[in-house]
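Participant: Quick one: this structure, given as C-alpha cells, is what I'll be asking you about.
The values are calculated or read from the model by the stated rules, or taken from the named source; none is laboratory data. Quick caveat, the model's predicted, so the values are computed rather than measured. Just the protein is used for accessible areas: all its heavy atoms, side chains included, with ligands, DNA and RNA removed. Shrake-Rupley method; radii C 1.70, N 1.55, O 1.52, S 1.80 Å.
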Amino acid sequence: QVQVVESGGGLVQPGGSLRLSCAASGSIVSIPVMGWWRQAPGKQRELVANVFSGDSTNYADSVKGRFTISRDNAKNTVDLQMNSLKPEDTAVYYCLVVDLGRNYWGQGTQVSVSS
C-alpha cells in the first residue's frame, strides 16, 4: 500500500504564488508517474501537470508558463510551484502517484485565489 500526503494549499491574492508538496510513502516499488490534478466546484477533476521518472513533464494548457512541476526520486516527492495565480485556479488540488499500475491519490489540499 502507498500513502500520499499533500501540503501547501491556502488563500492567495490574484497574481500571487503558492507551492504545493506531495510525499509518497509505504510499499513503493517504482513510480513512473507523479502528478497534480485539481477539481473545482461543479467541475470534473482535471490534470494540471505530470512528471515522469525520466523527468519529462506535461502541463495543462491553462497553466503552461505559470506552474512548474518537479520531483525528487530519492525522496518520492513531487512539488508544484504555482505563480501568477488566477481566480480560475481555485480548486482542490490532488496529488497522484502511480505505482505498479495502480493509482494512489492524496486527500487533497484547497487552493483559493481571491482578492
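Participant: Could you work out which residue, out of G16, G65, G42, moves most in a Gaussian network model of the chain, that is, has the largest mean-square fluctuation with Cα springs under 10 Å?
Facilitator: Between G16, G65, G42, it is G42 that shows the largest mean-square fluctuation.
Participant: How big is the stretch 1-59 by the Kirkwood estimate over distinct Cα pairs, in Å?
Facilitator: It is 13.6 Å.
Participant: Still on this model: Probe radius 1.4 Å, ligands and nucleic acids ignored: give me the carbon and sulfur share of the accessible area of the chain as a rounded percent.
Facilitator: Result for the chain: 48 percent of the exposed heavy-atom area is carbon or sulfur.
Participant: For K86, give me every one of the aspartates and glutamates with a C-alpha distance below 15 angstrom, ignoring sequence neighbours fewer than eight places off in its own chain.
Facilitator: By straight Cα distance, K86 reaches D61.
Participant: Right, something else. Please compute the Cα-Cα pair-distance distribution of the stretch 1-113 with 10 Å bins starting at 0, giving whole percents from short to long.
Facilitator: 15, 51, 28, 6
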